[in-house]
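Asker: Mind having a look at this structure? Questions to follow.
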C-alpha cells in the first residue's frame with residue numbers, strides 16, 4: 001500500500017476480531033505506522049453477537065456497537081449491497097459448484113465486501129481465500 005493511501009478506511013471481518021477477543025492476537029494492519037480509520041459492519045456485529053455465549057461477550061459486542069454508532073462509522077448493508085450479494089452468490093455457486101450450506105456461509109462475507117466497496121474501505125481479514133473468490137465478481141480492496 002502506498003503512502004498516499006494513508007490514512008485508509010478499514011472494514012474488519014469477524015476473522016480479525018475473534019483472535020483479538022479470545023487471545024489478544026492483533027492483525028498486522030494494526031502494526032502499521034499510520035493506523036486505519038476503522039468502520040464496523042453490522043454483519044460482523046451480528047456474527048459477534050451470535051458467538052456471544054456469556055454476559056461479558058454480549059457487553060463487549062454492545063460496546064463495539066455503541067462506539068461505532070456514536071462516531072458514525074457503523075455500516076449497515078443497503079438494498080444495493082443485498083442485490084449485488086445475491087448476484088455474486090449465484091456466480092460463486094455456478095463457478096465453484098458450492099453447496100447451499102457454503103453459499104449461505106459466504107453470504108455475510110459478500111455483504112461485507114459490498115459494503116466496503118460502497119464506502120471505499122479495504123476489507124481486513126484472515127480469510128483471504130473466500131474474499132479472493134468474491135473479488136472475482138466484485139471490485140473491492142483487500143488489505144494484505
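The values are calculated or read from the model by the stated rules, or taken from the named source; none is laboratory data. Note that the structure is predicted; figures quoted are calculated from it, not measured. With ideal geometry, Cβ positions are generated from the backbone for all residues, glycine too; neighbour counts draw on all protein chains shown.
Asker: Evaluate the following for residue 78: is it out of contact with any helix residue (DSSP H, G or I) (no Cβ under 6 Å at 6 or more places or on another chain) and more than 18 Å from residue 13 (Cα to Cα)?
Answerer: No; evaluated as a whole, the condition is false for this residue.
Asker: Right, something else. I need the full set of residues from the range 68-78 which are closer than 23 Å to residue 50 by Cβ and free of Cβ contacts under 8 Å to residues at least 12 places away in the same chain, in order please.
Answerer: Of everything in the range 68-78, those that are closer than 23 Å to residue 50 by Cβ and free of Cβ contacts under 8 Å to residues at least 12 places away in the same chain turn out to be 69, 70.
Asker: Mind checking which residues of the range 68-90 are exposed (fewer than 15 other Cβ atoms within 10 Å of the Cβ) and farther than 20 Å from residue 122 by Cβ?
Answerer: Matches in the range 68-90: 69, 70, 79, 82, 83, 86, 87, 90.
Asker: Here's something else I'd like to know. Can you tell me how many residues in the range 82-113 are under 13 Å from the mean Cα position of the chain (by Cα) and over 19 Å from residue 50 (Cβ atoms)?
Answerer: So the answer is 1.
Asker: Quick check on my filter: what residues within the range 108-125 are in contact with a helix residue (DSSP H, G or I) (Cβ under 6 Å, 6 or more places away or on another chain) and either more than 15 Å from residue 138 (Cα to Cα) or assigned to a helix (DSSP H, G or I) (or both)?
Answerer: 108, 109, 110, 111, 112, 113, 114, 115, 124, 125
Asker: Of all residues in the range 38-53, count the ones that are more than 13 Å from residue 74 (Cβ to Cβ) and in contact (Cβ under 8 Å) with a residue 60 or more places away in the chain.
Answerer: Number satisfying all stated conditions: 1.
Asker: Next question. What number of residues in the range 40-81 are within 12 Å of the chain's Cα centre (by Cα) and assigned to a loop (DSSP other than H, G, I, E, B)?
Answerer: 2
Asker: In this structure, is residue 22 modelled with pLDDT of 95 or more, surrounded by fewer than 13 Cβ atoms within 10 Å (Cβ to Cβ) and either part of a helix (DSSP H, G or I) or on the phi > 0 side of the Ramachandran plot (or both)?
Answerer: So residue 22 fails the test.
Asker: Just give me the residues in the range 35-67 being exposed (fewer than 11 other Cβ atoms within 10 Å of the Cβ) and under 26 Å from residue 117 (Cβ atoms), in sequence order.
Answerer: Of everything in the range 35-67, just one residue is exposed (fewer than 11 other Cβ atoms within 10 Å of the Cβ) and under 26 Å from residue 117 (Cβ atoms), namely 50.
Asker: Ok, one more. Would you mind finding the one in 98, 30 that is out of contact with any strand residue (DSSP E or B) (no Cβ under 6 Å at 6 or more places or on another chain), in a loop (DSSP other than H, G, I, E, B) and surrounded by 14 or more Cβ atoms within 10 Å (Cβ to Cβ)?
Answerer: 98
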